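The values are calculated or read from the model by the stated rules, or taken from the named source; none is laboratory data. Only a predicted model underlies this, so the values are computations on that prediction, with no experimental measurement involved. For neighbour counting, all protein chains shown are included, and Cβ atoms are generated from backbone atoms with ideal geometry for every residue, glycine included.
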Amino acid sequence: MEPATDPMSRVRSIDTEITHVWMVRTFLKHCDEAEDDEDLRDIVRDLYDFILAVGPLDEVDDAAIYLKMAKKKLGKLRKATELYEAIQPEVSGHTNFVMAARSLRAAVDRIADAVAKPSPT
């Protein structure tokens, strides 16, 4: 199935993926390992920064503004994801941490795809 390219469909797609980013953020924020790991705390802040910047779906009045903000913040979201993937084996090899890395990567890749789709002309 071809992903939708109209702006509001792209916004809804991103919002769906943000639910996954939120869950990874919440897991990392409340894990015991975050107490002693500054990198994990930075990752949690960067994930939240993206979520806060785009805002909730029900407050989107202009899809173009939402997509512009998502594009602006995407680099920081990608860097946080890459950092988590890099440090995750050192933080913990537990399945929860491994699956969090996989879930975050999948969500961020889909967000990037939605941001990159050109609007139909």
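A few notes on this one:
- Only residues that are in contact (Cβ under 8 Å) with a residue 40 or more places away in the chain and charged (D, E, K, R) were counted across the range 39-69, and they come to 2.
- None of Asp113, Asp109 is under 10 Å from the mean Cα position of the chain (by Cα) and either farther than 29 Å from Val60 by Cα or of a type in the set (Asp, Glu) (or both) except Asp109.
- Of everything in the range 39-90 that is of a type in the set (Phe, Trp, Tyr) and either closer than 14 Å to Ile111 by Cβ or outside any helix (DSSP H, G or I) (or both), the residue that is nearest to the chain's Cα centre (by Cα) is Phe50.
- The condition of being of a type in the set (S, T, N, Q), surrounded by fewer than 20 Cβ atoms within 10 Å (Cβ to Cβ) and modelled with pLDDT under 95 holds for only one of Thr5, Thr19, that being Thr5.
- For the range 59-77, filtered to residues that are of a type in the set (Lys, Arg) and in contact with a helix residue (DSSP H, G or I) (Cβ under 6 Å, 6 or more places away or on another chain), the residue that is nearest to Lys29 (Cα to Cα) is Lys76.
- Residue in the range 26-36 that is in contact (Cβ under 8 Å) with a residue 12 or more places away in the chain, under 17 Å from Lys117 (Cβ atoms) and surrounded by 13 or more Cβ atoms within 10 Å (Cβ to Cβ) present: no
- Of the residues making up the range 89-116, those that are farther than 13 Å from Leu28 by Cα and surrounded by 16 or more Cβ atoms within 10 Å (Cβ to Cβ) are Arg105, Ala107, Val108, Arg110, Ile111, Ala112, Ala114, Val115.
- Failed condition for Lys72, given (1) basic (Lys, Arg); (2) surrounded by 14 or more Cβ atoms within 10 Å (Cβ to Cβ); (3) without any contact (Cβ under 8 Å) to a residue 24 or more places away in the chain: (2)
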